[in-house]
Amino acid sequence: MVKPKEATALVQQVKDLLLEKKAQNVVALDLRAVSQSLDYFVLATATSTPHLQALERHLVEKLEEEHLRPRPTEGQSPRWVVLDYGEVVVHLMTREAREFYDLEGFWADAARL
Amino acid sequence: MRPRLSFLLLALALFLLGGVLSLPRPQGEAAVRPSRAGALPEMGLVVAARDIEYCGYHTPCGPGSRTDTIFYVRLLGEEVRAVAIPRDLYSPLVGGKINAAYGRGGAELLKRAVEEAVGMVAERHLILTLDSVAKVVDAVGGVEVVVERPMHYEDRAAKLFIHLEPGRHYLRGAEAVAYMRFRHDALGDYARLDRIKGVLAQVLKRAQNPATWPALSLALREVWRELDTDLTLEEALAQLPAVRGLKLSLATLPTREGPGTFLYVDEERKAAFLSPFFGTTLPLEPPEVPVHLKGEGPALAWARAWLSALGLNPTWEEAPVARSALYTQDPVAGAYFADLFHLPLLAPHLPVEGVVVELGPDLLP
């Protein structure tokens, strides 16, 4: 059972949890004005693949304590992990992946939270 | 008579995924960065899938030289419009069926043959293999299909095993490929193209979910070297987020039967259909065509109420629908209602009266 939670509060909580584990360059985008179907993205950079996995594990475990679980996704990439919490989608990426896909550049007109 | 080892084309998917925007770009890191600013380029692309080559009896040995599934894809900004080209189409350039073009003259001849059939310019090509299509379907988490009549076929040589009873099925990549390859029914190639179009629309929809992007980018990296294309992987991958807003319309090139097993372009219907299909102008008022709604429960009730509010009087029926889509042979009405409902427009080869809107549970949150 998923506990309803204000999306922006969840965004903030995700950012805090990522910073606790030393994620770099944590950015939240409000996509509601620029996308028909996306609400919020939280982006963060991991310094290595083990760091990426640690960030993922930490986030999933902490949010699960509040009965929030990401929607199941197909095979994840070793460089890019997506956790889909409905309105809030979290992208954890290695530095190269973050630069290559440049999601912030793509949604450059989205407001930052 | 065994199913031809023809193939499909989730290319779009691949392409959409990626390629959508790959006009030549200046060199330099910054120049390849995606950007939402400004209009997306307009371009024509030939997407085809290769069949399987046999080295001997029951011995498949890799991708073959025939391309039984061929699409002409036109990118118009955020819209993707694609026309399926029947494999038996006679091509004067090839001096035979269009599916032999790739084997005889490579991608360049195939592009020219398609340009001639459709009457539009093709700047780029993307030639897929069956394996690559299966991997892309797997990367988006499979597809859901509704089978109306039992589908049974086994061809060990082709590694084609199809056993589907009527009803709703969830298919993984290899199964989806088999489902699209099946052509053992009365309508043969046309029915196959309709199945491919249905799967394609679904793959694109799933590719629009950010959760599938990492898996898709992995799958693309893996399959790209199997492909024959003049799009680069970097161009394609960097554009992944652009699939978000894409709208897809799919139709089949109008043809008529001719001598032997050849099909010929039906020039009259082609002229009537293709120019509006590739045009971009939407009518301001709802076109006066019969609208039929098909679907379940709340989605059906919502659509009826909505169309009534617009002064339309649709007919309707309660029926199970796996995936929402809009079907019509009228490109103008199709464009209008597809835009209204935000649904993919699929023009089947069989006549459909007016516009048929199928509303499935996937529409509801």
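Taken over the stretch B:117-162, the residue count meeting the criterion of being among the small types (G, A, S) and within 26 Å of B:Y90 (Cβ to Cβ) is 4.
The residue list B:P314, B:P331, B:P351 contains one member that is closer than 25 Å to B:F278 by Cβ, of a type outside the set (D, E) and touching a helix residue (DSSP H, G or I) at 6+ places or on another chain (Cβ under 6 Å), which is B:P331. Among the residues in the stretch A:57-78, are any in a loop (DSSP other than H, G, I, E, B), more than 18 Å from A:L113 (Cβ to Cβ), within 11 Å of chain B (Cβ to nearest Cβ) and of a type in the set (V, I, T)? Yes. Could you please give the count of residues in the stretch A:14-52 that are assigned to a loop (DSSP other than H, G, I, E, B) and open to solvent by 60 Å² or more (accessible area, probe 1.4 Å)? So the count comes out to 7.
A residue that is more than 14 Å from the chain's Cα centre (by Cα) and within 20 Å of B:A207 (Cβ to Cβ) occurs nowhere in the stretch A:79-91. Residues of the stretch B:316-348 that are part of a loop (DSSP other than H, G, I, E, B) and open to solvent by 40 Å² or more (accessible area, probe 1.4 Å): B:P320, B:R323, B:Q329, B:D330, B:H342.
For every residue, the table says whether it meets (1) assigned to a helix (DSSP H, G or I); (2) open to solvent by 30 Å² or more (accessible area, probe 1.4 Å); (3) of a type in the set (S, T, Y).
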| site | (1), (2), (3) |
| --- | --- |
| B:L200 | yes, no, no |
| B:T212 | yes, no, yes |
| B:L216 | yes, no, no |
| B:L231 | no, no, no |
| B:E234 | yes, yes, no |
| B:L248 | no, no, no |
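Go through the residues of the stretch A:86-94 one by one and say whether even a single one is on the phi > 0 side of the Ramachandran plot, part of a loop (DSSP other than H, G, I, E, B) and open to solvent by less than 50 Å² (accessible area, probe 1.4 Å). Yes, the stretch A:86-94 contains a residue that is on the phi > 0 side of the Ramachandran plot, part of a loop (DSSP other than H, G, I, E, B) and open to solvent by less than 50 Å² (accessible area, probe 1.4 Å).
Of all the criteria given as (1) part of a loop (DSSP other than H, G, I, E, B); (2) open to solvent by less than 30 Å² (accessible area, probe 1.4 Å); (3) free of Cβ contacts under 8 Å to residues at least 12 places away in the same chain, the one not satisfied by A:V82 is (1). Of all residues in the stretch B:174-189, those satisfying the criterion of being assigned to a loop (DSSP other than H, G, I, E, B) and within 17 Å of the chain's Cα centre (by Cα) are B:F182, B:R183.
Per-residue answers, yes or no, for (1) more than 23 Å from B:D51 (Cβ to Cβ); (2) within 14 Å of chain A (Cβ to nearest Cβ):
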| residue | (1), (2) |
| --- | --- |
| B:R124 | no, no |
| B:D138 | no, yes |
| B:I162 | no, no |
| B:Y170 | yes, yes |
| B:V203 | no, yes |
| B:W224 | no, no |
| B:T229 | no, no |
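Can you name the number of the only condition in (1) modelled with pLDDT under 90; (2) over 19 Å from B:A219 (Cα atoms) that B:Y170 fails? Only one criterion is unmet by B:Y170, namely (1).
Of all the criteria given as (1) within 11 Å of chain A (Cβ to nearest Cβ); (2) in contact with a Pro (Cβ under 7 Å, 6 or more places away or on another chain); (3) among the hydrophobic types (A, V, I, L, M, F, W, C), the one not satisfied by B:F182 is (1). Could you list, in sequence order, all residues of the stretch B:288-312 that are outside any helix (DSSP H, G or I) and modelled with pLDDT under 85? Correct list: B:E296, B:L310.
Looking only at residues in the stretch A:101-113 that are in contact with a helix residue (DSSP H, G or I) (Cβ under 7 Å, 6 or more places away or on another chain) and open to solvent by 10 Å² or more (accessible area, probe 1.4 Å), which one is farthest from the other protein chains (Cβ to nearest Cβ)? Among those that are in contact with a helix residue (DSSP H, G or I) (Cβ under 7 Å, 6 or more places away or on another chain) and open to solvent by 10 Å² or more (accessible area, probe 1.4 Å), it is A:L113. Against the criterion of being under 19 Å from the mean Cα position of the chain (by Cα), under 21 Å from B:I70 (Cβ atoms), in contact (Cβ under 8 Å) with a residue 40 or more places away in the chain and outside any helix (DSSP H, G or I), B:R192 does not qualify. At least 2 residues being more than 20 Å from B:D194 (Cβ to Cβ) and of a type outside the set (A, V, I, L, M, F, W, C) is the threshold, and among the strands (runs of 3 or more DSSP E) wholly inside the stretch B:81-157 those reaching it are B:124-128, B:151-155.
The values are calculated or read from the model by the stated rules, or taken from the named source; none is laboratory data. All of these numbers come straight from a predicted model, not from anything done at the bench. Glycine gets a Cβ as well: all are built from the backbone with ideal geometry, and neighbour counts include every protein chain shown. Accessible surface is based on the protein model in full, side chains and every heavy atom, while ligands, DNA and RNA are left aside. Shrake-Rupley method; radii C 1.70, N 1.55, O 1.52, S 1.80 Å.
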